[in-house]
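The values are calculated or read from the model by the stated rules, or taken from the named source; none is laboratory data. In this text the structure is predicted, and so the values were computed from the model without any measurement. Here the Cβ is made from the backbone with ideal geometry for all residues, glycine too, and neighbour counts use every protein chain on show. For the accessible areas, the whole protein counts, side chains as well, though only heavy atoms, and no ligand, DNA or RNA atoms are used. Shrake-Rupley method; radii C 1.70, N 1.55, O 1.52, S 1.80 Å.
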Amino acid sequence: MFSVTRVRFMKINMNLLPAADQKQKPANVLKVPFGTEFTDHMFSMKYVEGSWNDAIIHPYGNLSLSPAALCLHYGQGIFEGMKAYRRGDRILLFRPDRNFIRFNESATRMVMPEIDVDFAITALKHLLKVERDWVPEVQGSSLYIRPTMIGTQAKLGVKPSDEYLFYIILSPVGPYFKEGFSPVKIFISSEYVRAVRGGVGAAKTMGNYAASLYAGTKAAEVGYSQVLWLDALERKYLEEVGTMNIFVKFDDELVTPPLSGSILSGITRDSVLTLTRDMGLTVKERQVSIDEVIEGLQSGKVVEMFGCGTAAIIAPVGQLWYNNNNYTVSDGNTGKLTQHLFDELTGIQSGDLNDPYGWVVEVE
Ligand code: PLP
Ligand code: COI
C-alpha cells in the first residue's frame with residue numbers, strides 16, 4: 001500500500017504551444033460527439049521511486065509506453081470525470097475536491113499511489129487558465145475534465161506497478177446522450193452483471209467499464225442507450241446505470257440504491273440527495289427490487305425515474321426493457337421533479353443560480 005505523497009509545493013513546468021500551432025475550436029460544440037475533441041494542452045506528472053515528480057503542462061499528444069506496461073495487461077488504471085463551466089469571464093468547477101478524494105479512494109483500492117488533493121486542484125486550475133478559451137459558453141456545453149492514472153512499469157508478472165503516470169486531459173462537450181435531455185431508453189440486464197460486493201465496483205477503474213461493454217452492445221443492438229445493472233448475487237436489486245446512479249420516485253418518496261460497495265459513489269447522486277432533502281421531499285437510500293419498480297410502473301406508483309452523473313447530468317428515463325417487455329415511464333416524458341433537478345443543478349453549476357452549498361469553485 002502507498003501513503004499520501006506530499007507534493008503540494010511541487011513546481012509545475014510549462015511547455016506551451018505557440019498560438020499559431022494551436023487547434024481550431026469546434027464551431028458548434030453541441031454537435032461534437034461526446035469526448036472526441038481535445039484541447040491543446042494537458043497536465044502530467046510521474047510517480048517514480050516513491051514520489052511524484054516532473055509536473056508539467058505540455059502539448060496534448062500521444063503517450064510513449066512500454067508494450068509491457070502493467071496497465072495494458074492487468075488494468076491498473078483509474079480515472080475521474082468532472083466539468084468546467086463558463087459564465088462570462090468566470091470559469092467554474094463543481095465540487096472538484098470530491099472528485100480527487102474519490103480518485104484517491106480508487107487509487108487505494110487498486111494499490112496505486114494517492115495524489116495530493118490540493119495540489120491536483122491547483123494543477124487543474126493552472127491547466128484551465130492555459131486553456132480558458134476552450135471552455136465553451138453555449139447552454140448545455142462545458143469542458144469535460146478527465147484526470148487519469150495508469151501503472152507504467154514494464155513487467156509481465158502480476159503485481160502493483162512501481163511507476164505511474166498521472167495526467168489530465170480536457171474535452172469540450174455538449175450532451176452525453178445523442179437524445180440530449182430527452183428521455184433515455186434503458187435496458188435492464190438480468191443475464192450479465194457489472195460488479196459484485198467485495199470487488200472493485202465502487203472504484204472508478206477501467207475494468208468496470210470494459211466489463212460493461214458486452215451487455216451495453218447487446219442493449220444498443222435493440223435500441224437502448226444504457227444498461228441498468230442488477231445486483232450480482234440475486235439479480236434482484238437495482239444497482240446503477242452504465243455511467244449514472246439511478247433514482248426512482250414512488251408517489252411522494254424518492255429512492256436511490258444505497259452505496260453497497262459495488263456501485264460508484266456519485267457526486268451528482270450526493271448533490272441530488274442534498275437538493276431533494278432540502279426541498280423537503282422524503283428521500284431514502286434503500287434497496288429497490290426490480291419487481292417493486294415493475295409493479296410500481298403497472299400500478300402508477302412509480303411516477304418518475306432518472307439517472308444522474310457528471311457526463312449525463314440528470315437524464316430522464318423514458319423506457320425500460322426487462323425480461324422481454326418494454327415499460328414506459330412517465331408516459332415517455334420528463335417528470336416534473338427530474339426537470340426541476342436538471343434546472344437546479346445546471347443552474348448552480350453554471351453560476352446562474354445561487355449556490356448555498358459552496359459547491360462551486362472559481363478558477364482564478
Ligand atoms: N456510476 C458510474 C459507473 C459512473 O461512471 C458515473 C460517472 O462518473 C456515475 C455513476 C456518476 O458519478 P458522478 O456523479 O460522480 O459523475
Ligand atoms: C462521468 O460521468 O464523468 C463519467 O465518467 C462517465 C463516462 C463518460 C465514463
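For the condition surrounded by fewer than 20 Cβ atoms within 10 Å (Cβ to Cβ) and either polar (S, T, N, Q) or over 23 Å from Gly77 (Cα atoms) (or both), what is the one hit in Lys155, Lys178, Lys159?
Of Lys155, Lys178, Lys159, the one residue that is surrounded by fewer than 20 Cβ atoms within 10 Å (Cβ to Cβ) and either polar (S, T, N, Q) or over 23 Å from Gly77 (Cα atoms) (or both) is Lys178.
What residue, among those in the range 269-319 that are open to solvent by 20 Å² or more (accessible area, probe 1.4 Å) and in a loop (DSSP other than H, G, I, E, B), is nearest to ligand 2 (Cβ to nearest atom)?
My answer is Thr310.
From the list Ala211, Ala195, which one is within 15 Å of ligand 2 (Cβ to nearest atom) and buried (at least 23 other Cβ atoms within 10 Å of the Cβ)?
Ala195
Looking at the range 198-208, which of its residues are in contact with a Gly (Cβ under 7 Å, 6 or more places away or on another chain) and either in the same structural domain as Thr108 (by TED's automatic domain parsing) or within 12 Å of ligand 2 (Cβ to nearest atom) (or both)?
Once the filter is applied, which keeps residues that are in contact with a Gly (Cβ under 7 Å, 6 or more places away or on another chain) and either in the same structural domain as Thr108 (by TED's automatic domain parsing) or within 12 Å of ligand 2 (Cβ to nearest atom) (or both), the range 198-208 yields Thr205, Met206, Asn208.
Counting just the residues of the range 232-266 that are at positive phi and open to solvent by 40 Å² or more (accessible area, probe 1.4 Å), which one comes out nearest to ligand 2 (Cβ to nearest atom)?
Filtering the range 232-266 for residues that are at positive phi and open to solvent by 40 Å² or more (accessible area, probe 1.4 Å), the one nearest to ligand 2 (Cβ to nearest atom) comes out as Arg235.
Please find, among Val138, Val111, the residue that is away from ligand 2 (no atom under 16 Å from the Cβ), at positive phi and not in a strand (DSSP E or B).
Val111
For residues that are among the hydroxyl-bearing types (Ser, Thr, Tyr) and outside any loop (DSSP other than H, G, I, E, B), scanning just the range 156-173, find the one that is farthest from Ala311 (Cα to Cα).
Result: Tyr164.
Is at least one residue of the range 259-276 in contact with a helix residue (DSSP H, G or I) (Cβ under 9 Å, 6 or more places away or on another chain), more than 12 Å from ligand 1 (Cβ to nearest atom) and assigned by TED's automatic domain parsing to the domain that holds Thr346?
Taking every residue of the range 259-276 in turn, at least one turns out to be in contact with a helix residue (DSSP H, G or I) (Cβ under 9 Å, 6 or more places away or on another chain), more than 12 Å from ligand 1 (Cβ to nearest atom) and assigned by TED's automatic domain parsing to the domain that holds Thr346.
Take the residues in the range 19-70 that are at positive phi and open to solvent by 40 Å² or more (accessible area, probe 1.4 Å); name whichever of them is farthest from the chain's Cα centre (by Cα).
Taking the candidates together, the pick is Glu49.
Can you spot a residue in the range 299-313 that is within 16 Å of ligand 1 (Cβ to nearest atom) and more than 25 Å from Ala219 (Cα to Cα)?
no
Residues are listed down the side, and each one gets a yes or a no for (1) within 16 Å of ligand 2 (Cβ to nearest atom); (2) closer than 30 Å to Val158 by Cα; (3) at pLDDT 95 or above:
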residue: Arg6; (1), (2), (3): no, yes, no
residue: Phe9; (1), (2), (3): no, no, no
residue: Asn15; (1), (2), (3): no, no, yes
residue: Pro18; (1), (2), (3): no, no, yes
residue: Lys31; (1), (2), (3): no, no, no
residue: Met45; (1), (2), (3): no, yes, yes
residue: Asn62; (1), (2), (3): no, yes, yes
residue: Ala68; (1), (2), (3): no, yes, yes
residue: Gly75; (1), (2), (3): yes, yes, yes
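For (1) closer than 16 Å to Gln287 by Cβ; (2) touching a Cys at 6+ places or on another chain (Cβ under 6 Å); (3) touching a residue at least 40 places away in the same chain (Cβ under 8 Å), each residue gets a yes or a no:
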residue: Phe181; (1), (2), (3): no, no, yes
residue: Glu191; (1), (2), (3): no, no, no
residue: Gly201; (1), (2), (3): yes, no, yes
residue: Gly207; (1), (2), (3): no, no, yes
residue: Ala210; (1), (2), (3): no, no, yes
residue: Gln226; (1), (2), (3): no, no, yes
residue: Tyr237; (1), (2), (3): yes, no, yes
residue: Gly242; (1), (2), (3): no, no, no
residue: Val248; (1), (2), (3): yes, no, yes
